[in-house]
Amino acid sequence: MAKQDRTTLTEFLLRMGDNTLILGHRVSEWCGHAPVLEEDIALANTALDLIGQTQLWLGYAAEVQGEGKTADDLAFLRDAWDFRNVLLVELPNGDFGQTLMRQFLFDAWSSILMPRLATSSDTRVAEIAEKAAKEISYHVERSADTVVGLGDGTEESHTRMQAALDYLYPYVGEFFLSDAGDAAIAAAGIAPDPASLRAEYDDFLDRVMAKATLTLPEDRFTHHGGRNGEMHTEHLGHILTQMQWLQRAYPGNTW
Amino acid sequence: MSSVTPGELPASEGKGKSTRHEWPLWEVFIRGQHGLNHRHVGSLHAPDAEMAIKNARDVYTRRNEGVSIWVVESRHITATAPGEKGPLFEPSESKIYRHPSFFDIPDDVGHM
């Protein structure tokens, strides 16, 4: 593989793996804190699925990068500016409703992208996507149901879900921003152009939010800077201090 | 630090009188593999049947325990009263002839 192609593919894989890594870590923060036992276990399962997907994406990223690193090196030894996740996944959990709204906004995107990646020209990408797709279709079913249940629930739950949507929606546009790297990846048939997923995503959100009696903000302004590493939110550094401290304090430690 | 900020529980009215509405209780039955019966594995809370199935999937099939899940709301189960154990079950204790243990089973039959 030409050096330029390798760099572009690595970047794409980091974007995929960093999304699932940071969201997986965020969701894992609920372990032992969820409002009921059933949801606690469900959230922990989701977090584990996401970390499992991370191992595959970052494992492949490390291989393609060709610098002798592992998925663990990429997860635990990079600093904030090297991360390529969208800003949405690093935002604080907030209350249970906000966490599930963020989860739905992510799952919706992921569930639209994954079947397309399953037909990728890169067989490794296709294999990872095929494995992840089953987990994701369960995640999105669960998070969509919860958004509907809480949105169309009590006055309090409705108010909280609308506030969560208003807070998080200005971050979803970042999923659909395309740059030169995305164009090269799309031209090589590895993944679709991010922008091409927007219409289906909007349809999906319209349907779920209508059932949830929630109103999507009209403004399409979007925060960005995560997936291209320009500028993360202040939250990412805090996540990394917790997530990486053991490897930073005891380099190379294993168990 | 975790970024979780769990919502406050609804205030309760007076001592021991909670206004918190609990989700109904569901009994969960799982078929371990094709050909076996569904077996009762435990119970859980959920707002409706669909969520009960999802919760059962998350709580009881994490280690690949099942191929099929049934849930039924606990209130629909009619049970025997523990106090009636004597009249209900003790009479059969003395009737060992009801067990098919007085026949020689041919070796060819194998495990029954």
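Per-residue answers, yes or no, for (1) within 14 Å of chain B (Cβ to nearest Cβ); (2) crowded, with 21+ Cβ neighbours inside 10 Å; (3) free of Cβ contacts under 8 Å to residues at least 60 places away in the same chain:
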residue	(1), (2), (3)
A:M1	no, no, no
A:N19	no, yes, no
A:I22	yes, yes, no
A:V36	yes, no, yes
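Table: residues versus (1) within 18 Å of A:F106 (Cα to Cα); (2) in a helix (DSSP H, G or I); (3) in contact (Cβ under 8 Å) with a residue 12 or more places away in the chain.
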position: A:I41; (1), (2), (3): no, yes, no
position: A:D49; (1), (2), (3): yes, yes, yes
position: A:Q53; (1), (2), (3): yes, yes, yes
position: A:L58; (1), (2), (3): no, yes, yes
position: A:G68; (1), (2), (3): no, no, no
Any idea which of (1) over 18 Å from A:P170 (Cβ atoms); (2) not in a helix (DSSP H, G or I) is the one A:I112 doesn't satisfy?
(2)
Could you count how many residues in the range A:202-246 are within 30 Å of A:E155 (Cα to Cα) and away from chain B (no Cβ under 14 Å)?
21
Among the residues of the range B:45-69, how many are in a loop (DSSP other than H, G, I, E, B), surrounded by 19 or more Cβ atoms within 10 Å (Cβ to Cβ) and at the interface with chain A (Cβ under 10 Å from one of its Cβ atoms)?
1
With criteria (1) under 23 Å from A:N253 (Cβ atoms); (2) open to solvent by 10 Å² or more (accessible area, probe 1.4 Å), A:L56 comes up short on (1)
Which of the residues spanning the range A:230-254 are free of Cβ contacts under 8 Å to residues at least 40 places away in the same chain, more than 18 Å from A:S28 (Cα to Cα) and assigned to a helix (DSSP H, G or I)?
A:E234, A:A249
Does the range A:130-139 contain any residue that is over 17 Å from the mean Cα position of the chain (by Cα), under 26 Å from A:K211 (Cβ atoms) and either surrounded by fewer than 21 Cβ atoms within 10 Å (Cβ to Cβ) or not charged (D, E, K, R) (or both)?
no
Selection count where residues are open to solvent by less than 30 Å² (accessible area, probe 1.4 Å) and either outside any loop (DSSP other than H, G, I, E, B) or under 17 Å from A:V147 (Cβ atoms) (or both), scope the range A:182-215
11
Output the residues belonging to the range A:73-100 that are out of contact with any Phe, Trp or Tyr (no Cβ under 6 Å at 6 or more places or on another chain), away from chain B (no Cβ under 14 Å) and either in a helix (DSSP H, G or I) or open to solvent by 10 Å² or more (accessible area, probe 1.4 Å) (or both).
A:D73, A:L74, A:A75, A:F76, A:L77, A:R78, A:D79, A:A80, A:W81, A:D82, A:R84
Exactly one of A:A133, A:A129, A:A164 is under 23 Å from A:T222 (Cβ atoms) and not hydroxyl-bearing (S, T, Y), and that residue is A:A164
Given the criteria crowded, with 24+ Cβ neighbours inside 10 Å and in contact (Cβ under 8 Å) with a residue 24 or more places away in the chain, does A:I112 qualify?
no
Just checking, does the range B:90-99 include any residue being closer than 22 Å to B:H38 by Cβ and surrounded by fewer than 13 Cβ atoms within 10 Å (Cβ to Cβ)?
no
Of the residues in the range A:216-241, those that are of a type outside the set (D, E, K, R) and open to solvent by 70 Å² or more (accessible area, probe 1.4 Å) number 5
Which ones in the range B:2-40 are open to solvent by 70 Å² or more (accessible area, probe 1.4 Å), modelled with pLDDT of 90 or more and out of contact with any His (no Cβ under 8 Å at 6 or more places or on another chain)?
B:N37, B:R39, B:H40
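The values are calculated or read from the model by the stated rules, or taken from the named source; none is laboratory data. Since we're looking at a predicted model, the values are computed, not measured. All Cβ positions, even for glycine, are placed from backbone atoms using ideal geometry, and neighbour counts span all protein chains on display. Note: accessible area is taken over every heavy atom of the protein model, side chains too, but ligands, DNA and RNA are not part of it. Shrake-Rupley method; radii C 1.70, N 1.55, O 1.52, S 1.80 Å.
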